[in-house]
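Comments concern the structure below.
The values are calculated or read from the model by the stated rules, or taken from the named source; none is laboratory data. Given the structure is predicted, the values throughout are model-derived calculations rather than measurements. With ideal geometry, Cβ positions are generated from the backbone for all residues, glycine too; neighbour counts draw on all protein chains shown. The accessibility values were calculated without ligands, DNA or RNA, using every heavy atom of the protein model including side chains. Shrake-Rupley method; radii C 1.70, N 1.55, O 1.52, S 1.80 Å.
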Amino acid sequence: MIKKILNLKRLYKQLIVFFNDIIIVFFTTWLAFTIRLGSPHYPSEIETYVYFIAILSLTPFLFLFNIYKIIFRYGGIEAIRSIFFATICHSLLFLFILDYLGLYNVPRSLGIYQPVLFLIVATLNRSVIILIINYFNYYKQRNNILIYGADDVSYKTALSLTSTSQNKIYGFFDSNNNKSIGKKMLGVSIYSYNEIEKLINKFQINQIVLAKSELLRAEMRSVVD
């Protein structure tokens with residue numbers, strides 16, 4: 001699902017982030033009511049209007065401060081600063097609207113509670129999403145390795161490859177007459193040559209390393225094919 005979202009056109013990704021912010025507005029408005037009134041909020045018909053007023057108050061400033069033009073995963077401090085200024089402007093306008101309308105049973109202080117909560121939740125929300133994206137990209141770029149061979153050269157090669165976290169060795173494989181098949185080396189299994197296609201699909205292998213002390217040219221060509 002993450003892969004599909006990241007591969008979408010920029011406009012669609014911007015829309016997803018926008019609707020994500022709308023959900024945060026609804027949630028933080030409910031949370032502001034709950035905190036201010038001291039009990040879980042069940043909005044009356046008039047109080048329901050406040051939820052939509054909050055959206056109408058905040059949305060123009062999100063676009064004014066170019067929140068959705070910032071590249072999400074590289075936004076960092078710039079994105080947080082833009083959200084902060086958008087929230088400040090929203091708070092002033094929201095507070096003014098609530099005071100002007102004077103809606104029954106709607107505290108004016110909601111114009112402060114809701115924007116502060118939005119700023120906190122939106123910042124945390126973006127931080128978590130960026131962590132997820134970076135985590136996904138790390139695994140996407142990682143080398144998933146199978147090593148052809150199961151001898152001393154294979155062992156030393158595996159040790160060298162595992163010195164960096166970018167490499168992940170999923171197993172060794174060798175000819176069917178190798179007596180080591182079914183055993184383990186460095187904690188990973190030694191498989192039969194006939195299992196290579198299954199292993200590539202199972203572990204999403206993107207790299208095969210030939211590391212065998214005696215490797216015939218015909219044998220190497222067969223593995224490459």
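For the reader, a short list of remarks on this structure follows.
- Leu31 vs. criteria within 17 Å of the chain's Cα centre (by Cα), of a type in the set (A, V, I, L, M, F, W, C) and either surrounded by 14 or more Cβ atoms within 10 Å (Cβ to Cβ) or at pLDDT 85 or above (or both): no
Results for (1) in a helix (DSSP H, G or I); (2) more than 20 Å from Leu31 (Cα to Cα); (3) open to solvent by less than 50 Å² (accessible area, probe 1.4 Å), shown as yes or no for each residue.
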position	(1), (2), (3)
Ala79	yes, yes, yes
Ile88	yes, no, no
Ile97	yes, no, yes
Tyr113	yes, no, no
Val116	yes, no, no
Ser127	yes, yes, no
Ile133	yes, yes, yes
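- Look at (1) surrounded by 13 or more Cβ atoms within 10 Å (Cβ to Cβ); (2) touching a residue at least 24 places away in the same chain (Cβ under 8 Å); (3) touching a helix residue (DSSP H, G or I) at 6+ places or on another chain (Cβ under 7 Å) and you find that Ile70 fails only one, number (2).
- When the range 65-77 is limited to residues that are in a loop (DSSP other than H, G, I, E, B) and modelled with pLDDT under 90, the one that is farthest from Leu15 (Cα to Cα) turns out to be Gly75.
- Residue list for the range 78-118, filter: among the aromatic types (Phe, Trp, Tyr) and out of contact with any Gly (no Cβ under 8 Å at 6 or more places or on another chain): Phe84, Phe85, Tyr100, Tyr104, Tyr113, Phe118
Conditions tested, residue by residue: (1) at negative phi; (2) touching a residue at least 24 places away in the same chain (Cβ under 8 Å); (3) not polar (S, T, N, Q).
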| position | (1), (2), (3) |
| --- | --- |
| Glu78 | yes, no, yes |
| Phe84 | yes, yes, yes |
| His90 | yes, yes, yes |
| Leu95 | yes, no, yes |
| Tyr100 | yes, no, yes |
| Pro107 | yes, yes, yes |
| Gln114 | yes, yes, no |
| Leu119 | yes, yes, yes |
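- Of all residues in the range 36-44, none are under 17 Å from the mean Cα position of the chain (by Cα), at pLDDT below 90 and over 16 Å from Phe94 (Cα atoms).
- One residue stands out in the range 165-179 among those that are of a type in the set (S, T, N, Q) and at pLDDT below 80: the one that is surrounded by the most Cβ atoms within 10 Å (Cβ to Cβ), namely Asn178.
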